[in-house]
Amino acid sequence: MSNPFLDGLQRNPQTVDQSIVLRDGTHLDTRLHRSTDGERLAHYFTHLSEATRRVYGPHPFTTEQAHAFCRDVNYADTLRFLALDEERIVAYFVLHLGVLDSDVRRYASRNQPLNHRTDSTLAPSVADRYQERGVGSALFPLLSHIAERIGRRRIVLWGGVRADNPRAVHFYRKMGFVEQGQFATKDTNNYDMLLDL
């Protein structure tokens, strides 16, 4: 089924461009990624610390991956939001319009069904020197509003959040996410968290 708001984004992604202000007064521009962002995104991916890379699971932070995303822009499936300080990307938030099979299976094992048509999946990251400056708190309301306009009813954390990442767990709770259960991976315990929009 077609969604007029999402159809409009395909034609004119600039309609969601916005400026946000951090707690310290820094202004950032936010927008969807574009086909011309390959070098910028590659720089962002390859200049994150190992500690930041370790807690992000959806895809590798490589130059090749950045260029692939910019070569194959498809807003009908995944919205990749960027926050920029001048021309430099300082945050990258992925909103997948649907849910991952691995998340569906895990939630279903707890009798908590997910829905590909009405749920979406979030995976955020913030550049090291911008962490703890309120980037996520300023950017997340825009993402959740857009998810609602597209017809999404809930946001699931992509692969959960690592229990050994208390800063992230605190952020999600502050944004209204609720813990749905726990699961273990090879190196840590994780929380599944879900937000009703």
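By accessible area, using a 1.4 Å probe on protein heavy atoms only, segment 91-150 has 48% of its surface on carbon and sulfur. Between the amide H of Gly181 and those of Asp192, distances stay under 5 Å, these residues lying 5 or more places away or on another chain, with hydrogens modeled in the peptide plane. Within segment 1-33, the trypsin sites (Lys or Arg not before Pro) that combine a DSSP coil assignment with at most 15 other C-beta atoms in a 10 angstrom radius are Arg23. The ellipsoid equivalent to the alpha-carbon distribution of the chain has semi-axes of 24, 21, 16 angstrom, derived from the gyration tensor eigenvalues as √(5λ) and listed largest first.
Accessible area per residue for the chain is 50 Å², calculated with a 1.4 Å probe on protein heavy atoms, without ligands, DNA or RNA. Per residue of the chain, the DSSP helices (runs of n ≥ 4 H) give a summed -39500 (n - 2.57) that works out to -9000 deg cm²/dmol at 222 nm.
Among the GluC sites (Glu not before Pro) within segment 60-111, those in coil by DSSP and having at most 11 neighbouring Cβ atoms inside 10 Å are Glu86, Glu87. Karplus-based coupling profile of segment 72-86, in residue order and whole Hz: 10, 5, 9, 6, 6, 10, 9, 9, 10, 8, 10, 10, 10, 9, 6, with θ = phi - 60° in 6.51 cos²θ - 1.76 cosθ + 1.60 and x standing for Gly or Pro. Span-like helix criteria (full DSSP H runs; alpha carbon extent of at least 18 Å along the helix axis; mean Kyte-Doolittle hydropathy of at least -0.5) are satisfied in the chain by 135-150. Note on Asn3 and Glu132: their simple-model spin labels are 3.5 nm apart, each label 7 Å out from Cα toward Cβ. The value given for segment 137-196 is a Kirkwood hydrodynamic radius of 12.2 Å, derived from the mean inverse Cα-Cα separation.
The values are calculated or read from the model by the stated rules, or taken from the named source; none is laboratory data. Note that the structure is predicted; figures quoted are calculated from it, not measured. No Cβ is skipped: glycine too gets one built from the backbone with ideal geometry, and neighbour counts run over all protein chains shown. To get the accessible areas, we keep the full protein, side chains included, count just its heavy atoms, and leave off ligands, DNA and RNA. Shrake-Rupley method; radii C 1.70, N 1.55, O 1.52, S 1.80 Å.
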